[in-house]
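Quick notes on the structure that follows.
The values are calculated or read from the model by the stated rules, or taken from the named source; none is laboratory data. None of these values were measured; they are calculated from a predicted model. Note: ideal-geometry Cβ built from the backbone for every residue, glycine included; neighbour counts use all protein chains shown.
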Amino acid sequence: MRFSAVRLLAKAAFSTAENQQTVYLTHVKWVSGKNQLEKYFSRYGQVKDVSLFFDPETGLHRGFASVTFAKAESATKAVQSRPHVIDGDLVGVEFYIPLKTNQKFKSISVS
């Protein structure tokens, strides 16, 4: 029960405007490029940025990406419009939640 409360508090703290505008993509084919992803997701609204993640040792695409929209409503549309098929594969689309933060949280015990 304590873990759930802490996770909810963490999610609330990270719900900044930038995070609400960004979606995280999984299972992106290595042949899918930045321009292709931008074109695909622009149907939901203006795309500000597309980031592809590469392995630093091999230089190969890792199958993950993020798309940042100009408006949070566009990100919501993209998440709600699942499934997404790009280059013949099903691509996972979820709201972006940062893994690390510089903010500190107090420990809360929920009985």
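For residues in the stretch 18-50 being closer than 12 Å to I97 by Cα and in a helix (DSSP H, G or I), which is modelled with the highest pLDDT?
This residue is Q20.
Since K71 meets every condition but one in (1) loosely packed, with under 14 Cβ neighbours inside 10 Å; (2) out of contact with any Lys or Arg (no Cβ under 6 Å at 6 or more places or on another chain), which condition does it not meet?
(1) is the only condition that K71 fails.
Out of (1) modelled with pLDDT of 95 or more; (2) touching a Phe, Trp or Tyr at 6+ places or on another chain (Cβ under 8 Å); (3) aromatic (F, W, Y), the odd one out for F53 is which?
The failed condition is (1).
Listed here are the residues, each with its yes/no results for (1) among the β-branched types (V, I, T); (2) over 13 Å from V23 (Cα atoms).
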position	(1), (2)
K48	no, no
L52	no, no
E57	no, yes
H61	no, yes
T68	yes, no
A72	no, no
V79	yes, no
P83	no, yes
I86	yes, yes
